[in-house]
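Below: the structure, in C-alpha cells.
Nothing in this text is a laboratory measurement; each read-out follows from the coordinates by a stated rule. For clarity, every value in this text was computed on a predicted model and none was experimentally measured. All Cβ positions, glycine included, derive from the backbone under ideal geometry; neighbour counts span all protein chains shown.
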Amino acid sequence: MALLTVEDKDFFRENGYLVRREMLSPVQIQNAVDVLWEHIEADRNDPAAWVNAGPRSPDCGDYPAIRATLYETDLFDMCKELAGDLSDDADPSTVLVYPSGSDEWAIKLPHLDGYNKSEQATEGFTIGVTVYLNDVAPGGGGFTLWPKSHNAVADFYKSHSLLSLNMHHPGGIVERDMTCIFDLGDPFELLGHAGTACIWHGYMVHSGTSNCSDQIRMALVSRIQWKDWDRLQFETPDDMWADWEGM
C-alpha cells in the first residue's frame, strides 16, 4: 500500500518538501534521546548547563536507536516512493541546537549541503529527512527551508558546473549565503511535536535558526543518495525529475 498520495507528490514536486507528523513511536524517541545524552557535554538534570553546551553534532549516527528513526519507520519508504532506488547505508546525522541564553532569534545563512564546500568537490545527495526528537516551538531552533528553491537550484545547474558554488573552484561564487544568488522568497520553519519530520529535495536551500527556548533542539538529519549515485550525481537533465522513479 502506498504511503504517499498523488497530492503529496504534486506538493513535493512544486515545493520541494513534505511534512509528516507522529513518525516516531514514544519508545523510538526515548531510545534516540538516551543515546544523544550519552554524548552531550552537560548534566542532563541541570537545564542551566545546557546553554551553549556541545557538541553540536555528536558522532553517534550509526547507533541502532538512531538508525531506527529512519529505517524502522515509514520515512525511508516514503523517500523511496518519491526518488526510487535509494541506498540504505546513510547514517542519520545528529544536529543539536543548544539554548543560546538570549531572546534574540535569527535565521542563519541559507545554504546548500554538499555543493558549496571549501574543497574542489561535491558531496550532494538525492533526498533529505529531518526528524525532531523533542517538541519545537517558535524560537526553539527550528529547521528552516525555502519552498521551491529546489527548482531555482536545478535551473542554475543546467547552465553552471556543480562546482560553481564552491568558493575555491576557479570562477566559483564566493558567497555561502544563497540569498546572494537566488531570489528565495519567504522561509518555512518546521515546528511541531517530537516525531515531526520533513522530507526534502537534495537541492533545497535551508538553514538553522537560533534557539531562544530553554530546551535543546534535538534533530536527526539523513542525507540519502540513489544506489546509482556515482553515475547520477553528475546528471543535470532538462527534466529535474527524470531519474525520480516515483515522480
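Looking at region 33-59 only, could you name the residues that are of a type in the set (F, W, Y) and in contact (Cβ under 8 Å) with a residue 12 or more places away in the chain?
W50
Considering (1) touching a residue at least 24 places away in the same chain (Cβ under 8 Å); (2) on the phi < 0 side of the Ramachandran plot; (3) not aliphatic (A, V, I, L, M), the lone condition that G195 does not fulfil carries the number (2). Please go through (1) part of a loop (DSSP other than H, G, I, E, B); (2) surrounded by 12 or more Cβ atoms within 10 Å (Cβ to Cβ) for D62 and return the number of the only condition it doesn't satisfy. Only one criterion is unmet by D62, namely (2).
Pairs meeting the criteria (first residue in region 11-32 and at positive phi, second residue of a type in the set (S, T, Y) and not in a helix (DSSP H, G or I), beta carbons under 9 Å, at least 6 apart or on different chains) are G16/Y203; E22/T196. Set side by side, the residues E104, E72, E81 differ, and just one is acidic (D, E), touching a residue at least 40 places away in the same chain (Cβ under 8 Å) and crowded, with 16+ Cβ neighbours inside 10 Å, which is E81. Residue by residue through region 208-231, note down the ones that are in contact with a strand residue (DSSP E or B) (Cβ under 8 Å, 6 or more places away or on another chain) and surrounded by fewer than 17 Cβ atoms within 10 Å (Cβ to Cβ). Matches in region 208-231: K227 only.
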